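Working notes for the structure below.
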2 protein chains.
Amino acid sequence: MAEDRRTRRSRRALGAALVELVLERGFTALTVEDITERADVARATFYAHFRDKEDLFARVTDDLLAGLAERLAPAMADSAVGFTGKPVLEMLRHAREERDLYRIVLRGEGDGKPLQMFADACARVTAEEFRARAERNAVEPRIDPELLARVWVGEQLGVLRWWVEQETPSLPAEEVVRMLLDLAMRGRYWASGFEPSA
Amino acid sequence: MAEDRRTRRSRRALGAALVELVLERGFTALTVEDITERADVARATFYAHFRDKEDLFARVTDDLLAGLAERLAPAMADSAVGFTGKPVLEMLRHAREERDLYRIVLRGEGDGKPLQMFADACARVTAEEFRARAERNAVEPRIDPELLARVWVGEQLGVLRWWVEQETPSLPAEEVVRMLLDLAMRGRYWASGFEPSA
DNA sequence: CCAGTTAATGAACAACCTGTCTGTAATTGA
DNA sequence: TCAATTACAGACAGGTTGTTCATTAACTGG
C-alpha cells in the first residue's frame, strides 16, 4: 500500500502544471483554478492535497532540493579537503536536467522565499567550513568568514541564474567550473582585462 | 504650483506604510486596506494615486534606485579606469541610510522583480565594461566577460544582503570594501584558510 | 474477480479582496 | 475669499479563496 496511483497522478500533474504556468505567467499571477485547469484536475482535488499555491510550490522546491542534496553527497565527500569544484559541477548538471525549476527558483518566484532560504543555508555551512579551515591551519583569517561565505554563494547563484536563463547554452558546465576555480585561485583582477602591474 | 500638499502627504504616507508592512508581514500578505489603514488614508485615495500594490512598490523602489544613481554618479567618474571600490563604498553608505528599503528589495519582495531587474542591469553594464577593458588592452579574456559580470554582481548583492540584514552592524562599510577589493585582487583561495602551496 | 476502501468530481457556499464610481466635505493655492 | 482640487466614506459587481457535501469512479488486497 505504498501510495494510491490516483494520488500520485494528481500530485504530479499539479506540480507539473505549476511549473509550466509559473514560467509562462509568474507565480503571483496564478490562480488555483489556472493550475487545476492545466493539470486537468478538479479544484476540490487540489485542496485535498495542498493547503494553497504556496504549499504546492514549497513541496515542489523541497523535492528539488532533496534531489540536489542526494546528488551532491558523493561529490562532497571527495572534496571535503581541497576544493576541486566537483560539487559545483554536479549542481550545474542537476540544473541542466531540471532547468525549468531552477529558472523559477532562481528568479525568486514565490516571494523569493525558497531562494533566500537556500542561499542562507548554503552560506551558513560555507561559513562554518571556512572557520574550520582557518582554525585547522591556525591562521587568523584576513577576511571575515561570514562575508567570504556570502561572496561564495552569491557568486555561485549569480552565475547559476545566468547560466540556466541562457536560451542557447553558451558555455558547457565544465568550462564554467574551470573559470570559477580560476577566479577563486587567482582573483578577478587578472581576468577583467587588466595587465598585472607587478 | 509644484504639487498639492495633500498629494504629497498621501503619497508619502502610503509609501512609508508599505515599507513598514512589508518588513512586518511580507509583500504578498498585504492588502491595500492594510496599507491605507497604516497610512491613515482612505482606501479610495490609494487608487487615486496608484493602480495597485505593485504600482506603489514600483514607485518606491524606482525612487530608491534614482537616489542610488544620483549618489553613484560622482564616484563612477573617479574610478572609471582602475577600480578603487569607491562606488561600492558609496552604495554601502546609501544602504545604511535606507536600510529598510534595501532589506525589502534584497529579500526579493514583490516577486523579486525589482531585484532581478537591478541585477540584470548591473550585469549588463559590467559585462560591457569588461569587454571594453579587454579590447583596450588587446587581450583575449581568459574568462567569459558575461560570466565574470555575473560573478561580480552576484557577489556584491550577496554581501550587501547579508550586510543589511545584520542586526548588529558587524563590519563597517570601509572594512567590507577592503575585503572585497582584496578578494578581487588576490583571489578567494588565500582567504579561506589555506596556505598557498606555491 | 470481487468487495471494501479511498480518491476524484462538480457544485454550492460565505468570506474576503479588488478596482471603480459615486456625492459630499475639507484643503489648498491664488 | 473663491474656484479648483483632493480626500473621504460608502456602495458596487466581479473574482478568488478555502470548505463542505453527496455522488461517482478508481484502486488495492485478498
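A compact table of results
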{"read-out": "Residue within segment B:80-99 that is hydroxyl-bearing (Ser, Thr, Tyr) and within 14 Å of chain A (Cβ to nearest Cβ) present", "value": "yes"}
{"read-out": "Residue check, B:TYR102 part of a helix (DSSP H, G or I), open to solvent by less than 20 Å² (accessible area, probe 1.4 Å) and among the hydroxyl-bearing types (Ser, Thr, Tyr)", "value": "yes"}
{"read-out": "Verdict on A:THR84 being of a type in the set (S, T, N, Q) and in a loop (DSSP other than H, G, I, E, B)", "value": "yes"}
{"read-out": "Single residue of B:ALA39, B:ALA77, B:ALA44 found to be more than 16 Å from the chain's Cα centre (by Cα), more than 16 Å from DNA strand C (Cβ to nearest atom), away from chain A (no Cβ under 14 Å) and aliphatic (A, V, I, L, M)", "value": "B:ALA77"}
{"read-out": "Matching residues, segment A:153-169, being at the interface with chain B (Cβ under 7 Å from one of its Cβ atoms) and either modelled with pLDDT under 95 or not in a helix (DSSP H, G or I) (or both)", "value": "none"}
{"read-out": "Count of segment B:137-152 residues which are free of Cβ contacts under 8 Å to residues at least 12 places away in the same chain and more than 7 Å from every other protein chain (Cβ to nearest Cβ)", "value": "2"}
{"read-out": "Residues (within 12 Å of DNA strand D (Cβ to nearest atom), touching a helix residue (DSSP H, G or I) at 6+ places or on another chain (Cβ under 7 Å), within 21 Å of B:LYS53 (Cβ to Cβ) and part of a helix (DSSP H, G or I)) located in segment A:22-56", "value": "A:VAL32, A:ASP34, A:LYS53"}
{"read-out": "Yes/no for A:GLY15 being in the same structural domain as A:LEU101 (by TED's automatic domain parsing) and assigned to a helix (DSSP H, G or I)", "value": "no"}
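The values are calculated or read from the model by the stated rules, or taken from the named source; none is laboratory data. Quick caveat: nothing in here was measured; it's all calculated off a predicted structure. Heads up, the Cβs are rebuilt from the backbone with ideal geometry, glycines too, and the neighbour counts pull from every protein chain shown. Side chains included, ligands, DNA and RNA excluded: accessible areas come from the protein's heavy atoms. Shrake-Rupley method; radii C 1.70, N 1.55, O 1.52, S 1.80 Å.
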